[in-house]
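*Asks:* Here it is, the structure in full.
Values in this text are rule-based calculations from the coordinates and carry no lab data. This is a predicted model, so every value here is computed, not measured. Don't worry about glycine lacking a Cβ; one is built from the backbone with ideal geometry, like all the others, and counts go over all protein chains shown.
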Amino acid sequence: MKKTLTLLLALVMVFALAACGNNASAPAGSADDAASSADGSVYWLNFKPESDEVLQQVAAMYTEKTGVPVTVLTAASGTYNETLQAEMDKAAAPTMFVVGNKAAVDQWSSYCLDLTDTAIAKELNTDDYMLYDDDGKLCSIGYCYECYGIIVNPDLIEAAGHTMDEITNFEGLKAVAEDIHAKAAELGFDAFTSCDMDSSSSWRFTGHMANLEYYYEEQDAGETWTEAPATLTGAYMDNYKALFDLCINNSLTDPKDLATGGHDAEAEFKNGEAAFFVNGSWEYSAVAEAVPNATMIPYYCGVAGEEKAGLNCGTENYWAVNSQASEADQQATIDFMVWCVTDPEASRMLVDSFGVMPYTNAAESTNGFLAAAEAYTANGCYTMDWATNYQPNVDEYRAGLVSALNQYCADQSDANWELVKTAFVDGWATQYAAVNG
């Protein structure tokens, strides 16, 4: 769905409003609230590797305050679905996990407790982040709102003799990036950080950057997807190729060396080795200290009118509670979730890691990349919704893209790009049919 300035402001600013629906005898999220769940425990299967350290600290804080055991297991990047499947087959399965899109709802609905009218659902300050199954059960609720695009170090842009004002479309981005790359030895830095295609990084291009194709197809159809379409037109594959080529061919790492990974794009950006870093708002806390004025620009790709493009805004981070867990563990989990979004210290730590949490009593966001998203919207730019959330049979679909892109990176021939288009467009139809028959 389209995200507007009003929604983003609501997510960022309403933290100061009073909560409703809390226990009158004790503030929501207090140790007294959690006392009732002392017989239960919490097992959180975390979707966000970059937040693991903070989540471990928050879990320990809660256990110290309440005596309720909280375990956080973080799935390695790109392996969440496999990890979830394995953990759900165990006797001590996660009590708290992520069901982040319609495909996940279809797969995991029977394991999702109905969150309608629960204490945690009542803490939400918007109803835009609720996923329901076909029977109307509230399966999962959003716990953070994010944006993604291209992170930029304006200082390096200026050091290369350019200004951010030059980058308002693909033509401007291309001119600046190619000039920096051509002078990299002289400047001491390159245009783009490494664009690795291993599981820790490939999602940036097969999931996030792929969204430009899906979003503009939505616009052509005059609608916002509410479920995966059976087919794609591929109308914007040339635009995807233009941006992808710019990234891999003006980078610290030779395209032929991307398949196996092993490069730390975040560290490259923080160390001032490159001016551009394809990623999202969850990186803000990691890079802000080293690059305090880092900002984010859209996926400029040569689409007509893209001077009015904004960032890709949305979420795939939705909490679900295991309906198969004991009642004590379910209650312990809900109490913990409420504490996470209402306790001043805990919510501050989580918001600083996540960017923003759409809950009435959560701490205020200080995320500069989300502020950039807000600024684009305030200036009348359109927001690109996360249509990528509808990728069918997502792991298999992206695996096909990775394979084709690796072949293309090794040899950027027209024939190999045709393989990418086939994996992108025909692969969608194949995986849709595999899921829907």
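*Asks:* What spacing in nm lies between the two simple spin-label points modelled at Ala175 and Ala230, each 7 Å away from Cα in the Cβ direction?
*Replies:* A separation of 4.6 nm, rounded to one decimal place.
*Asks:* A follow-up question, please. Quick one: which of Lys270/Lys421; Lys48/Lys421; Lys137/Lys421; Lys183/Lys241; Lys48/Lys270; Lys183/Lys308 span more than 26 angstrom between C-alpha atoms? Walk me through the numbers before you get to the answer.
*Replies:* Values: Lys270/Lys421 33 Å; Lys48/Lys421 29 Å; Lys137/Lys421 37 Å; Lys183/Lys241 24 Å; Lys48/Lys270 20 Å; Lys183/Lys308 30 Å.
Where the Cα-Cα span goes over 26 Å, the pairs concerned are Lys270/Lys421; Lys48/Lys421; Lys137/Lys421; Lys183/Lys308.
*Asks:* Please arrange Glu123, Glu178 by counting, for each residue, the other beta carbons lying within 10 Å of its beta carbon, fewest first. Mind dumping the intermediate values first?
*Replies:* Working: Glu123 25, Glu178 14.
Ranking Glu123, Glu178 by Cβ neighbours within 10 Å, fewest first, gives Glu178, Glu123.
*Asks:* Another one. Work out, step by step, the length gained on full extension between Glu223 and Ala159: first 0.36 nm times the residue separation, then minus their alpha carbon distance; give nm to one decimal. Can you show the working numbers first?
*Replies:* Numbers: separation 64, 0.36 × 64 = 23.04 nm, distance 4.24 nm.
Computed gain between Glu223 and Ala159 is 18.8 nm.
*Asks:* Can you list the HN-Hα couplings for the stretch 320-328, worked out from phi with the Karplus curve (6.51, -1.76, 1.60; θ = phi - 60°), rounded to whole Hz and with x for Gly and Pro?
*Replies:* Here the 3J(HN,Hα) series is 10, 10, 5, 6, 8, 6, 5, 4, 5 Hz.
*Asks:* If you don't mind, there's one more thing I want to ask. Note down the relative contact order for the stretch 110-267 as a percent, whole number, built from C-alpha pairs under 8 angstrom at least six residues apart.
*Replies:* Details: 137 pairs, mean separation 34.5, N = 158.
So the answer I get is 22 percent.
*Asks:* Testing the spin-label approximation: label points 7 Å from Cα along Cα→Cβ at Lys183 and Asn293. State their distance in nm.
*Replies:* Simple spin-label model gives 1.8 nm for this pair.
*Asks:* Assuming a ≥ b ≥ c are the square roots of the Cα gyration tensor eigenvalues, decide whether the stretch 314-406 counts as rounded (a/c under 1.5), prolate (otherwise, with a/b larger than b/c) or oblate. Write down the numbers at each step before the final one.
*Replies:* Numbers: a/c = 2.63, a/b = 1.16, b/c = 2.27.
Because a/c hits 1.5 or more and a/b fails to exceed b/c, the stretch 314-406 counts as oblate.
*Asks:* Given charges of +1 on the Cβ of Lys and Arg and -1 on the Cβ of Asp and Glu, with all other atoms neutral, how large is the dipole of the stretch 98-162 about its Cα centre, in debye to the nearest 20?
*Replies:* Values: 3 positive and 12 negative charges, 20 e Å.
Here the size comes out at about 100 debye.
*Asks:* Relative to the longest principal Cα axis of the chain, at what angle does helix 237-249 sit, 0 to 90 degrees, rounded to 10?
*Replies:* On a 0 to 90 degree scale, this one is about 80.
*Asks:* While we're looking at this one, here's another question. Which order do Arg398, Arg204 fall in if you start with the one that has the fewest other Cβ atoms within 10 Å?
*Replies:* On the way: Arg398 23, Arg204 20.
Ascending number of Cβ neighbours within 10 Å: Arg204, Arg398.
*Asks:* Let me ask something additional. List every residue whose amide H lies under 5 Å from the amide H of Ser140, counting only residues 5 or more places away in sequence or on a different chain, with H placed 1.01 Å from N in the peptide plane.
*Replies:* The list, which skips near neighbours in sequence, is Leu131.
*Asks:* If you don't mind, another one. Could you list Asp343, Asp257, Asp117 so that the one with the fewest beta carbons within 10 Å of its beta carbon is first and the one with the most is last?
*Replies:* On the way: Asp343 25, Asp257 16, Asp117 9.
If I rank by nearby Cβ atoms, fewest first, I get Asp117, Asp257, Asp343.
*Asks:* Subtract the Cα-Cα distance of Gln57 and Ser77 from 0.36 nm times their separation in residues, and report this length gain in nm to one decimal.
*Replies:* Numbers: separation 20, 0.36 × 20 = 7.20 nm, distance 1.99 nm.
Difference between extended and current length: 5.2 nm.
*Asks:* Can I ask one more? Please list, ordered by chain and number, the residues whose modelled amide H lies under 5 Å from the amide H of Ala274; skip anything fewer than 5 residues away on the same chain.
*Replies:* Long-range HN contacts for Ala274: Asp190.
*Asks:* Just to confirm a number: summing +1 for Lys and Arg and -1 for Asp and Glu over residues other than Glu158 whose beta-carbon lies under 15 angstrom from that of Glu158, what do you get? Don't skip to the answer; put the middle values down first.
*Replies:* Numbers: positive: Lys183; negative: Asp155, Asp165, Glu166, Asp179.
Net of charged neighbours comes to -3.
*Asks:* What shape does the stretch 243-318 have by the C-alpha gyration tensor, where a ≥ b ≥ c are the square roots of the eigenvalues, rounded means a/c under 1.5, and otherwise prolate means a/b greater than b/c and oblate the rest? Mind dumping the intermediate values first?
*Replies:* Details: a/c = 1.57, a/b = 1.13, b/c = 1.39.
Cα axes put the stretch 243-318 in the oblate bin.
*Asks:* Could you work out [θ]222 nm for the chain from helices alone, using -39500 (n - 2.57) per DSSP H run of at least four and dividing by all its residues? Round to the nearest 500 deg cm²/dmol. List each step's numbers first, then the result.
*Replies:* Working: 19 runs with 179 residues, N = 437.
Calculated mean residue ellipticity at 222 nm is -12000 deg cm²/dmol.
*Asks:* Nearest 10 degrees is fine. How inclined is helix 344-354 to the longest principal axis of the chain, computing both from alpha carbons?
*Replies:* 30
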